[in-house]
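To start, the structure itself, in structure tokens.
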Amino acid sequence: MGTNMLNGESSALAGYRVIDLTQFESGTSCTQTLAWLGAEVIKVEPPVTGEQGRNSSAEGGKDSLYFVQLNTNKKSVTCDLKSARGKELLASLIRHGDVFVENFAPGVIERLGFSADEVLKINPRIVFARIKGFAPGSRYANYLAFDAVAQAAGGAVSITGEQGGRPIKPGPNMADSGTGLHCALGILAALIQRATTDKGQVVEVTMQDAVINFSRIAYAAQAMSGQPAPRTGNQSIFGGTSPSEVYRCKGDGENDYVYVYTTRAGSKHWLNLCRLMGREDLLDDPRFKTPQSRAQHADVIDAMLSEWAARYDKREAMEILAAANVPASAVFDTMELFNDPELRARGTFATFTHPQHGELTVPGNMIKLSDSRVTVSSPPLLGEHNRQIYGGLLGYTDEELTSLAGHKII
């Protein structure tokens, strides 16, 4: 194991070293999570160009802001994995690693000579983690997958949108980052097991599987109806309750709405809502006695709540409803969340200085541990840590590193 005491802070994964051959989002979100928990993450990238995410959008020769969001707290080395010398370098890194992560297109890592079997031969204690779109060996094994593709393949697109309307891709990249988090969880489990067995193993996560896992309640709805889970708009996938909708508030912004939801498990929230709106006359109305009967009369409830919500801005509506013990939230947009002082204080968003972009604020580590502290730091420039890693860790001399750079091996 390596050591990783960042800024003098103690961290949960201090001493663990991750060899990171990931690109785009699903893999990089996995290794970024491990870095936020204190692991030393060494990102291995092609010389000159770097991983594809660095150049995923035009930034005037700078690393893309897409890349910046996904690669904080890492180190970068360059390595030509198509060359014999580059393969030697990677093999040496593997010998010093605890975790190896890749999310190349199907077959790429094997063609490079670093399949799971080969990596575990080099270091039998290493945890080899791979993220693919579809299950290896399945009929879709060789299909390419990005977030939107995986959300369609995993069923999320089919249950998103209005009833009777077309399927819609959900906004969050849950296939990409969600798969990365699944993979990080598997890696942590494998490291815990290694403490007992002293052996590494393969962690395999597919994007299709991760999206299915996020959709478990849809399968409960299917089990109840015997039919594919439907699109239900702003209703629960189960349906069966009202209100469960967004209501327009004061203001003409695109997101000046409040979402109000009352549970299917009884009527307590509905009763609170009636009292709040001064509609005690509805408490014994047979149309609204049960969640199921309220769902059947959702148009009446929606009209009533629309009239009520229009009196307040969305934050006022949220506060009033919360005070009455009715589940509700303003529909916050990304800029409102970005500028929220409480979220900033919590570390939900973190600020650092990037050598190309200047001061940047990005989503930070959402996992809070009482005895682990890692400050979010700028992502590395391409090859920024070549001398530190190849010289300090692997023992290469300055002359050898200059030669490797001259031959474009690093």
Largest-first ordering by accessible area, 1.4 Å probe, given options Tyr140, Tyr247: Tyr140, Tyr247
³J(HN,Hα) computed for each position of segment 374-388 - Karplus, 6.51 cos²θ - 1.76 cosθ + 1.60, integer Hz, glycine/proline x: 9, 6, 5, 10, 4, x, x, 6, 4, x, 4, 10, 4, 6, 5
Residue with peak Gaussian network fluctuation, the chain [Cα springs, cutoff 10 Å], from Gly133, Gly27, Gly61: Gly61
Residue (of Ala150, Asn123, Asn103) at the positive-pole extreme of segment 94-158, dipole from beta-carbon charges: Asn123
Please sort 180-187, 346-353 by packing, taking for each peptide the average over its residues of neighbouring beta carbons within 10 angstrom, highest first. 180-187, 346-353
Can you give me the relative contact order of segment 208-249 as a percent, contacts being Cα pairs under 8 Å and 6 or more apart? 27
Between Arg287 and Val300, with labels modelled 7 Å along Cα→Cβ, what's the label distance in nm to one decimal, could you check? 0.3
Percent RCO, i.e. relative contact order, over segment 253-410, from Cα pairs under 8 Å lying at least 6 residues apart: 19
What cysteines in the chain have no other cysteine with a beta carbon less than 4.7 Å from their beta carbon? Cys79, Cys249, Cys274
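Normalised by the number of residues in the chain, what is the relative contact order in percent for Cα pairs under 8 Å and 6+ residues apart?
19
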Suppose every K and R has +1 on its Cβ and every D and E has -1 on its Cβ; what is the size of the dipole of segment 220-379 about the Cα centre, in Debye to the nearest 20? 540
Starting from the Cα-Cα distance between Ile217 and Glu307, subtract it from 0.36 nm times their residue separation and give me the gain in nm to one decimal. 29.2 nm
Span-like helices, the chain: DSSP H, alpha-carbon axial extent 18 Å or more, mean Kyte-Doolittle 0.5 or greater, which ones? 176-197
Straight-line reach from Lys121: which lysines fall under 24 Å, measuring Cα to Cα and dropping same-chain residues less than 8 apart? Lys43, Lys82, Lys87, Lys132, Lys199
Kindly write out, for segment 230-247 in residue order, the coupling ³J(HN,Hα) from the Karplus curve 6.51 cos²θ - 1.76 cosθ + 1.60 (θ = phi - 60°), rounded to whole Hz, with x marking Gly and Pro. x, 7, 10, x, 8, 7, 4, 4, 6, x, x, 7, 7, x, 7, 7, 9, 10
Label points 7 Å out from Cα along the Cβ direction at Ala265 and Arg344: separation in nm? 3.7
Can you pull the one-decimal nm distance between simple spin-label points at Arg95 and Asn234, each 7 Å off the Cα toward Cβ? 6.1
Collect residues whose amide H, placed 1.01 Å from N in the peptide plane, falls under 5 Å from the amide H of Ser11; neighbours closer than 5 in sequence don't count. Arg373
Which of Ala298, Phe332, Leu343 sits closest to the plus end of the dipole of segment 292-352, meaning its Cα is farthest towards the positive end, when Lys and Arg get +1 and Asp and Glu get -1 on the C-beta? Leu343
In nm, what is the difference between 0.36 nm times the number of residues separating Gln356 and Ser83 and their Cα-Cα distance? 95.3 nm
Highest mean first, how do 146-156, 34-44 rank when packing is the count of other Cβ atoms within 10 Å averaged over residues? 34-44, 146-156
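The values are calculated or read from the model by the stated rules, or taken from the named source; none is laboratory data. None of these values were measured; they are calculated from a predicted model. Note that each Cβ is placed from the backbone with ideal geometry, even for glycine, and that neighbours are counted across all protein chains shown. We work out accessible area using only protein heavy atoms, side chains counted, and drop any ligands, DNA or RNA first. Shrake-Rupley method; radii C 1.70, N 1.55, O 1.52, S 1.80 Å.
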